[in-house]
Amino acid sequence: MDKLIYVIPAMGVVGLLYTFVKFAWVSKQDAGNERMKEISTYIAEGAMAFLKAEYKILTYFVLIGALLLGVMGYSNANSHWSIALAFILGAFFSALAGFIGMRVATKANVRTAQAARTSLSKALMVSFTGGSVMGMGVAGLAVLGLGGLFIILKMIFAPDAAVDSKAMEQTIEILTGFSLGAESIALFARVGGGIYTKAADVGADLVGKVEKGIPEDDPRNPATIADNVGDNVGDVAGMGADLFGSYVATVLATMVLGRETSALTDNFGGMSPILLPMLIASMGILFSIIGTFFVRISENAGISTNAVQKALNMGNWGSIILTAIASYFLVNWLMPGTMSLRGHEFTKMGIFGAIMVGLTVGTLMSLITEYYTAMGKRPVMSIIRQSATGHATNIIGGLAVGMESTLLPILVLASGIYGSFACAGLYGVAIAAAGMMATTAMQLAIDAFGPIADNAGGIAEMSELPKEVREKTDILDAVGNTTAASGKGFAIASAALTALALFAAFVGIAGIDGINIYHADVLAGLFVGGMIPFIFSSLAIRAVGEAAMAMVEEVRRQFHTIPGIMEGTGKPEYDKCVAISTQASLKKMMLPGAIALLSPILIGFIFGPEVLGGFLAGATVCGVLMGMFQNNAGGAWDNAKKSFEKGVEINGEMFYKKSEPHKASVTGDTVGDPFKDTSGPSMNILIKLMSIVSLVIAPTLAVIHHDKIEANRKAQMEVLIKMDAGKPVKE
C-alpha cells in the first residue's frame, strides 16, 4: 500500500503537466489583428478585476471559517485543529482551479476567433484545447490536493492504523475540511459569477436586441464587454470551482463510507475501500487525456453542428469506455472477495457493478438532457412553434419543457440509486457517484469550450470580421449550449448520489440509527429543508433581475446621451457596465451563500442530528428537481432563440432574426438565463455543501445531543420489542 498510495498524487501531477503544455500551445496561437487583441484585453482585464475583487472578499470568509473550525476541532476528540488548515487548502485549490480556467479562456477566445478565419476544424481545436486545459487542471488539482493531503494526514495521525480505528476516523474527519473549503468557494464563485454574467447578458439583450434591433455582441452596445466578461466569470471560473468541489466531495463521501466497510481480508490492511475512489479518480485523468485525442473533425467537414457534436461525443465516449474497462481490472486486483457495511454484505464484482451503474446513469442523464435542450429536437421545436403566438406562449412552453424534463432523469436517478445499492449497499451508491465523476476532466473540457466559443463569436462581431467567421463560431456556440446543459444534468445527477452518500456518512458519524419521519420535529425539518432550494433560487434570480434593471437603465442612458453610438462614431462607456455587474454580483452573492452554510448549523445545534437529517433529505430532493427543471428550461429557451438565426419554419412560413417570433424567443431566453446559469447550476453545490457542513459538525452534534440520541434509540428499541411480542404499540 505504501507505494500504491503515491500513484494518486502522481496522476494529479500528470494532469497538471498536461495543463501547462496545452496552455503553452494555446498561448502560441495567432491572436489576430490589433482590434481583436484590444477587445480581448478589455475582456481579460474585466474578468481578472472581478476575480481579484471576489477573492479578496472570500479571503476574509475563509479566515473566519478556518478560525471557527479550528476552535471546533480543538474542542472535539474526534476532530483536530488542523481541520482549519485543510479548509484553507481546499478553498485555495478551488479558487486556483477557477483562476486557471479564467486565464486560459481569456487567451483561447480571441485565438478561436482568429482560427475560425481558417476553418471550423482549427477553431474547434483551439477552443476545445482551451477547455481541456481547464478540465485537466481542475482534475489534477483535486487528485493532487486530496491524495497528497491524505498521505500527509495518514502519516501523522494513522501511520499503522487499521481501517476501523479512531485514528483513521480522525484522519478522514480532517479531510472533510478540505472538501468544505472547496465547496464553499465553489458556491460563492458559481452564484457570484452567475449573477455577473446574467445581469450583463439580460441588460445587453433587452436594450440591444429587442429595443434597438442590433445584433448580439454589437460593439455599439455598451453592455457587450460586460456580457463577454460574464461568460468567463460565470461559465468558466464559476464552473471550474464548481466541478472541483463536486469532484472532491464525491471522492470524500466514498472514503468516509469506505472507512466503515469491513475489508480486512485485502492486501492493504483493510484500506482498499478508502483507496478505490481516489485511484478511480486518478485513473480517470489518464483516460480523459487519451479521450482528448479523439476530438477531431476533418478540414472538409463543412459548417455543421453535427460534425462538432460527433467529435465531442467521440472524446466523451472514449474516456468513459476506457474507464469502465480499467475499473474492472482495478476492482478485481484491489478489493477482497467479500465485504460488509452496516450489516449489508457485498462482493468486489458488486462494486464493479455499482461503478457501471454510475457510468450508465451519467451517460443517460447527458443524453436525456441533450434531447430536451438540443436544436431540432421535439422540446425545442415546441418552444419555437409557441413563439409564433407571442412572448407569453413562449414562456409557457419553456416552463412546460423544463417541468417535463424532470421525469426521465429522476427515473434514471432512482433506478441508479436502487441498482447501485443492490450491487454493494451504501458503498455502492457512493462508488457509483465516484465512477460517474471519474471522467470529470473530459466532461469539463467539453463544457468549458462553449463559453470560449461564445466569447470568440463576440470578438468576431465587435472586430467586424467576415460573416463566415461568425457562422463558424455560432456553430461552436450552439453545440456549446447543448454540451453545457448536458454537463449540468450530469453534475446534478452526481450531486444527488454524492449527497446520498454524504447523508449516510452523516448518520453514522452523528451516532443515530436512522431518520424516523414519524417524529414531528423530523417531519418539520423535512419541509424546512425542501424550502431552502426555493428561497435560494429566489434570491439568486432576484439578484439577476435587480442588477439587470440597473444595466438596462445604464445602457439606455448611454444610447440617449452619447452622440453617435448608433452610427458607430461615438464610443460606449463599457467600463460603467462592467462596474454595475461587478458590484451587484459581489454584494448579492453573500446572502444565498450564508443560507447554505448557516442553515444546517442552526438546525443541527438547536434541534439535533435527527432533525438535521430530515432537513437534508428535504433539501436534497427539492434541490435535485429544481436544478433539473431550471437547467433544462433555460437551455431549451436558449437554443430556441438560436434556431431563428438560421431560420425556422412555423406553419409553412419561414422566420428569421428580428421577426416577431424571434423577439418572443429572446424574451424566453432572457427569462431562462438566470435559470440555467445562476440558480440552476448552484443547486448541485447547495445540496452537497449543506451535507458536508453537516458531516463536519456531526462529531460535535453527537456529543451535544448524546442524551436525546440515546433516548430516541431506547424508544425505538421498546417499539421493536413490543412489535416482536405482538403487543399493540402506543406512541
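Fewest-first ordering of Lys576, Lys348, Lys28 by other beta carbons within 10 Å of each residue's beta carbon gives Lys28, Lys576, Lys348.
As a proxy for reagent exposure, Ser405, Ser340, Ser288, Ser121 were ordered by neighbouring Cβ count within 10 angstrom, fewest first; the result is Ser340, Ser121, Ser405, Ser288.
Taking amide H as placed 1.01 Å from N in the peptide plane, the amide H of Ile650 sits under 5 Å from that of Phe655, each at least 5 places away or on another chain. Relative contact order for the chain: 20 percent, from Cα pairs under 8 Å spaced at least 6 residues apart, divided by residue count. Axis of helix 7-28 versus longest Cα principal axis of the chain: the two differ by about 10°, to the nearest ten degrees. Candidate values (1) 85, 54, 50; (2) 91, 69, 48; (3) 110, 79, 49 were compared with Cα extents along the principal axes in Å computed on the shown model; the agreeing label is (1). With respect to the chain, whose longest principal axis is taken over its alpha-carbon atoms, helix 239-260 is tilted by about 10°. Here the Karplus relation 6.51 cos²θ - 1.76 cosθ + 1.60, evaluated at θ = phi - 60°, turns the backbone of the range 276-287 into coupling constants of 4, x, 5, 5, 4, 5, 5, 5, x, 4, 4, 6 Hz, with x for every Gly and Pro. Using +1 at the C-beta of Lys and Arg and -1 at the C-beta of Asp and Glu, which of Val13, Ile88, Leu63 has the Cα lying farthest in the positive direction of the dipole of the chain? Positive-end residue among those listed: Val13.
Here the residues Leu625, Leu58, ranked from fewest to most Cβ neighbours within 10 Å of their Cβ, fall in the order Leu625, Leu58. Working note: Karplus 6.51/-1.76/1.60 with θ = phi - 60° gives the range 633-638 the couplings 4, x, x, 5, 4, 4 Hz, where Gly and Pro are set to x.
Relative to the first principal axis of the alpha-carbon coordinates of the chain, what is the inclination of helix 378-387, with its axis defined by its Cα atoms, in degrees from 0 to 90 and to the nearest 10? Once rounded, one gets 50 degrees. Per-residue 3J(HN,Hα) values for the range 608-622, derived from phi via the Karplus relation 6.51 cos²θ - 1.76 cosθ + 1.60 with θ = phi - 60°, read x, x, 5, 5, 4, x, x, 4, 5, 4, x, 5, 5, 4, 5 Hz in sequence order (x marks Gly and Pro). When you count the other C-beta atoms within 10 angstrom of each residue and take the mean per peptide, 537-544, 102-109 line up highest first as 102-109, 537-544. Each of Leu4 and Trp333 was given a label point 7 Å from its Cα along the Cα-to-Cβ line. The distance between the two points is 0.9 nm. Peptides 462-474, 493-505 ranked from most to least packed give 493-505, 462-474, packing being the mean of other C-beta atoms within 10 angstrom over each peptide's residues. Charged neighbours of Val479, selected by a Cβ distance under 12 Å, balance to -2 (K, R count +1; D, E count -1). Under 26 Å of direct C-alpha separation, and excluding same-chain neighbours fewer than eight residues apart, Lys56 reaches these lysines: Lys107, Lys198, Lys576, Lys587, Lys588, Lys688. Can you compute the helix-only [θ] at 222 nm over the chain? Use -39500 (n - 2.57) per DSSP H run of at least 4 residues, normalise by all residues, nearest 500 deg cm²/dmol. My calculation for the chain gives -28000 deg cm²/dmol from helical runs alone. Distance from the alpha carbon centroid of the range 429-496 to that of the range 131-207 works out to 21 angstrom.
Read the figures in this text as sums done on the coordinates, not as results from a lab. All values derive from a computational prediction rather than experimental measurement. No Cβ is skipped: glycine too gets one built from the backbone with ideal geometry, and neighbour counts run over all protein chains shown.
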